[in-house]
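Everything on this sheet refers to the single structure shown next.
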Amino acid sequence: MPVPWFLLSLALGRSPIVLSLERLVGPQDATHCSPGLSCHLWDSDILCLPGDIVPAPGPVLAPTHLQTELVLRCRKETYCDLCVRVAVHLAVHGHWEEPEDEEKFGGAADPGVEEPRNASLQAQVVLSFQAYPTTRCVLLEVQVPAALVQFGQSVGSVVYDCFEAALGSEVRIWSYTQPRYEKELNLTQQLPALPWLNVSADGDNVHLVLNVSEEQHFGLSLYWNQVQGPPKPRWHKNLTGPQIITLNHTDLVPCLCIQVWPLEPDSVRTNICPFREDPRAHQNLWRAARLRLLTLQSWLLDAPCSLPAEAALCWQAPGGDPCQPLVPPLSWENVTVDKVLEFPLLKGHPNLCVQVNSWEKLQLQECLWADSLGPLKDDVLLLETRGPQDNRSLCALEPSGCTSLPSKASTRAARLGEYLLQDLQSGQCLQLWDNDLGALWACSMDKYIHKRWALLWLACLLFAAALSLILLLKKDHAKGWLRLLKQDVRSGAAARGRAALLLYSADDSGFERLVGALASALCQLPLRVAVDLWSRREMSAQGPVAWFHAQRRQTLQEGGVVVLLFSPGAVALCSEWLQDGMSAPGAHGPHDAFRASLSCVLPDFLQGRAPGRYVGACFDRLLHPDSVPALFRTVPVFSLPSQLPDFLGALQQPRAPRPRRLQERAEHVSRALQPALDSYFHPPGTPAPGRGVGPGAGDGT
């Protein structure tokens with residue numbers, strides 16, 4: 001629908017220069033070109049398919065510059081549409097190859113070969129236009145006479161009238177030839193907006209002010225403008241009269257755009273994207289960005305908007321040291337939002353993390369493999385570098401740098417360098433990456449740490465023997481020494497942390513990742529967590545029943561606690577057991593420890609031995625505690641993460657920390673668990689409730 005002239009004058013201003021925009025009469029598109037050139041516009045639009053770049057067969061016409069101009073296309077004297085005129089400047093690129101006969105023999109070439117050099121050049125030039133929600137592509141045929149063909153020189157321009165666009169919209173224009181010999185040209189332009197749509201800030205809130213008449217009916221839509229792919233609608237509502245829409249500053253992202261249009265047939269839609277340069281919007285974009293592991297090697301970056309970023313692998317050692325980028329031998333890779341990326345890994349490792357940088361600043365870091373492979377390990381990463389003639393060198397990655405092996409340095413890796421090289425040669429190290437230039441190996445340090453502890457315990461035993469001799473000589477002070485020794489043993493046991501055995505039903509792979517995230521978070525507390533996810537090899541060798549029986553006995557003997565993590569599948573298995581009575585449930589799979597554990601767990605509940613040794617838990621929005629069978633509610637059943645403080649307090653009894661310390665630990669576990677909860681309840685491609693914007697987010701009209 002054409003826009004009345006007074007609205008255009010309000011948007012364009014009243015300066016004589018602006019009001020003197022050229023007016024085009026009639027709805028038909030047209031084209032004209034520089035003197036000497038001939039051009040023709042195809043009757044209908046074409047598909048926007050640039051295709052791949054192909055080698056030029058000789059001199060070709062190529063677009064070199066795009067230029068736009070605003071004009072008016074008027075149906076009536078007072079009803080006009082804003083229109084974008086596009087001029088494409090062309091030049092001759094490439095050259096004729098010398099004939100082979102003339103190069104070899106120095107003679108004159110066949111006269112027939114000279115004819116193409118004197119012929120005119122023709123080209124099919126494509127103009128692609130995008131202004132949400134419109135996309136168009138037109139084809140212009142251009143012919144240049146031979147007299148104007150000069151290599152590397154401009155031959156003139158061809159002008160297209162014109163692309164209609166809405167006030168306030170952002171237009172993007174591309175130009176390329178068909179077939180495409182060079183990279184396409186592109187141009188972005190912001191058209192003037194109507195003054196009755198204004199954006200203002202008020203503290204942490206942003207107001208959209210629409211000054212329209214009280215009887216005016218209009219539609220308002222908020223959407224995420226995407227560089228690649230269609231826009232993603234966020235909120236839409238039909239309104240009447242002047243309105244002030246309030247947005248929270250946490251909802252702002254750079255690609256959040258606003259579209260307003262009167263509720264009339266074929267109405268012109270006004271679009272503005274006012275938050276592109278807003279620092280808060282860019283901060284919110286990175287807060288909303290998430291890394292998602294799809295397979296061992298593939299992952300993607302999930303974010304509302306496109307963003308310039310690059311990613312690389314890094315090695316995160318336990319202890320809080322910075323994650324060390326593995327560049328080189330690996331390299332930084334450009335990242336595209338919602339596009340699957342791959343790292344050439346042979347095996348996963350919990351210490352491998354992904355770093356995402358933007359403008360040389362670290363914005364995001366996640367250890368994607370930790371949820372499925374367990375907490376960080378005290379492993380040493382060996383970097384193998386391969387040179388010519390089968391020469392190779394090894395170094396161990398440490399916080400101070402990469403220590404060559406063997407080495408006489410005073411670092412831990414240097415002291416154990418001989419043992420690490422023996423482990424590598426005997427195949428005890430895990431190979432993570434390999435190519436012609438080098439390899440990465442993860443070597444376990446557990447056995448060397450155990451040797452050090454064994455020596456320490458031996459020294460303690462010798463000290464205890466000497467102390468016993470002294471006590472025999474001084475019987476009067478024996479009770480005091482024994483009391484001190486008892487306190488030391490108790491404090492040492494408390495420092496080791498309470499043992500916790502986590503049991504769950506493997507409903508699906510997503511729930512397993514959620515359980516892995518919970519177990520990893522609990523390992524950061526003074527708890528020693530056992531879960532079948534981290535002991536698949538042992539459980540396959542022993543069998544689920546034997547493995548669980550051994551873990552349960554060890555946990556309870558050490559004064560630990562067994563955690564029953566209930567899910568819909570777990571509740572169904574428990575109900576099946578209670579209904580079947582004496583028939584023991586058989587394991588459906590080699591790793592279904594929960595089904596196998598019921599034969600040992602249920603007698604404890606039936607005979608009243610469960611309180612103090614068992615606790616229950618379930619996840620918010622997945623299962624309500626009241627859905628757990630009544631027999632299992634004889635022990636506390638907590639809903640996570642809403643009851644995390646009480647849950648952690650029950651796990652760390654009888655030496656639970658103070659309430660303030662307990663609250664801090666609950667917040668730490670909640671932050672570690674949140675990405676896994678978001679991934680489980682809101683898979684990629686489905687918007688999360690927290691990301692809605694505007695009043696009544698998510699409700700369409």
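The values are calculated or read from the model by the stated rules, or taken from the named source; none is laboratory data. A quick note: this is a predicted structure, and the numbers were derived from the prediction, not measured. We place every Cβ from the backbone using ideal geometry, glycine too, and count neighbours over all the protein chains shown. Side chains are part of the model used for accessible areas, which takes the heavy atoms of the whole protein and leaves out ligands, DNA and RNA. Shrake-Rupley method; radii C 1.70, N 1.55, O 1.52, S 1.80 Å.
Candidates in the stretch 300-320 are the residues that are of a type outside the set (A, V, I, L, M, F, W, C) and assigned to a strand (DSSP E or B); of these, the one that is nearest to Leu383 (Cα to Cα) is Glu310. Pairing each residue of the stretch 374-395 that is closer than 30 Å to Ala519 by Cα with any residue that is of a type in the set (Phe, Trp, Tyr), provided the two are 6+ apart or on different chains, yields C-beta distances under 8 Å for Gly374/Trp534; Leu381/Trp315; Leu381/Trp441; Leu382/Trp441. Of the residues making up the stretch 392-434, those that are more than 14 Å from Ser444 (Cβ to Cβ), in contact with a Lys or Arg (Cβ under 8 Å, 6 or more places away or on another chain) and either open to solvent by 20 Å² or more (accessible area, probe 1.4 Å) or assigned to a strand (DSSP E or B) (or both) are Arg392, Glu398. Of the set (1) under 25 Å from Ile258 (Cα atoms); (2) under 33 Å from the mean Cα position of the chain (by Cα), all apply to Glu184 but (1). From the list Leu210, Leu247, Leu252, Leu197, the one residue that fits, being in contact with a helix residue (DSSP H, G or I) (Cβ under 8 Å, 6 or more places away or on another chain) and crowded, with 19+ Cβ neighbours inside 10 Å, is Leu252. Among helices (runs of 4 or more DSSP H) entirely within the stretch 505-567, having at least 1 residues that are more than 27 Å from the chain's Cα centre (by Cα) singles out 536-542, 544-557.
Cys162 passes every criterion in (1) modelled with pLDDT of 85 or more; (2) farther than 30 Å from Leu252 by Cα; (3) open to solvent by 60 Å² or more (accessible area, probe 1.4 Å); (4) of a type in the set (A, V, I, L, M, F, W, C) apart from (3). A residue that is modelled with pLDDT of 85 or more, in the same structural domain as Pro325 (by the TED database) and in a loop (DSSP other than H, G, I, E, B) occurs somewhere in the stretch 351-367. Exactly one residue out of Glu277, Glu360, Glu366 is within 14 Å of the chain's Cα centre (by Cα), among the acidic types (Asp, Glu) and open to solvent by 10 Å² or more (accessible area, probe 1.4 Å): that is Glu366. Here is the figure for the stretch 277-301: residues that are more than 18 Å from Ser372 (Cβ to Cβ) and out of contact with any Cys (no Cβ under 8 Å at 6 or more places or on another chain) total 13. Gly348 - would you say it is touching a Phe, Trp or Tyr at 6+ places or on another chain (Cβ under 7 Å), in a loop (DSSP other than H, G, I, E, B) and among the small types (Gly, Ala, Ser)? So Gly348 passes the test.
Report, by residue number, each residue of the stretch 118-130 that is open to solvent by less than 80 Å² (accessible area, probe 1.4 Å) and either over 45 Å from the mean Cα position of the chain (by Cα) or over 22 Å from Gln178 (Cβ atoms) (or both). The answer is Ala119, Ser120, Leu121. For residues that are open to solvent by less than 20 Å² (accessible area, probe 1.4 Å) and either in the same structural domain as Lys232 (by the TED database) or part of a strand (DSSP E or B) (or both), scanning just the stretch 286-299, find the one that is farthest from Tyr680 (Cα to Cα). Per the stated criteria, the residue is Ser298.
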